[in-house]
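What follows is one structure encoded as structure tokens, with my remarks underneath.
The values are calculated or read from the model by the stated rules, or taken from the named source; none is laboratory data. Bear in mind the structure is a predicted one, so any value in this text is a computation, not a measurement. So basically every Cβ, Gly included, is an ideal-geometry build from the backbone, and we count neighbours across all protein chains shown.
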Amino acid sequence: MLTRWDDVDRMFQAMDVFRNRMNRLFTDFDRGLGLMPDQAAIAGWPRTNLYDAGDHLEVRVELPGITVQDLNVKVLGNSLEISGERKSLTPEGYSVHRLERGEAGFSRRFTLPVEVQADQVEAILQNGILSLRLPKAESARPRKIEIKTE
């Protein structure tokens, strides 16, 4: 049995209606959180990647426009907190005609998969990327177990 093209068109129209209603639902949800539609993407800012390198964890965080002075990193056990503030870059005496990238504060907290040695954490901010090297606690490091024969 062949399907008529009108039936396929009706199916896609129904899918469009459903998609529009879902978009409206999420926009209303974001508005309830105090976020405007163009700010909804900021909720997960800054974007962060976490890697396990065996004996240590590596974290890379996108922080364009953030200086070292405006950044705080705290580690306690297996908890990592990164916070800071991007300040306005408007030159003195200038008037603003369009402002899409203004001041923004942030705070992100992560539960790490293992405990780390907080006193040995290394942090480098270069080209808008914060790189953290978090050595695992001795008890969390993988160990090779020697097998004996009898």
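Values computed for the structure shown
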item	result
Residue match in region 81-90 (condition: loosely packed, with under 14 Cβ neighbours inside 10 Å, without any contact (Cβ under 8 Å) to a residue 24 or more places away in the chain, among the polar types (S, T, N, Q) and outside any strand (DSSP E or B))	yes
Options Asn23, Asn49; residue that is part of a strand (DSSP E or B) and at pLDDT 75 or above	Asn49
Residues satisfying the stated conditions in region 103-150, i.e. on the phi < 0 side of the Ramachandran plot and among the polar types (S, T, N, Q)	Ser107, Thr111, Gln117, Gln120, Gln126, Ser131, Ser139, Thr149
Matching residues in region 60-80 - criterion: being buried (at least 17 other Cβ atoms within 10 Å of the Cβ) and outside any strand (DSSP E or B)	Leu63, Ile66, Asn78
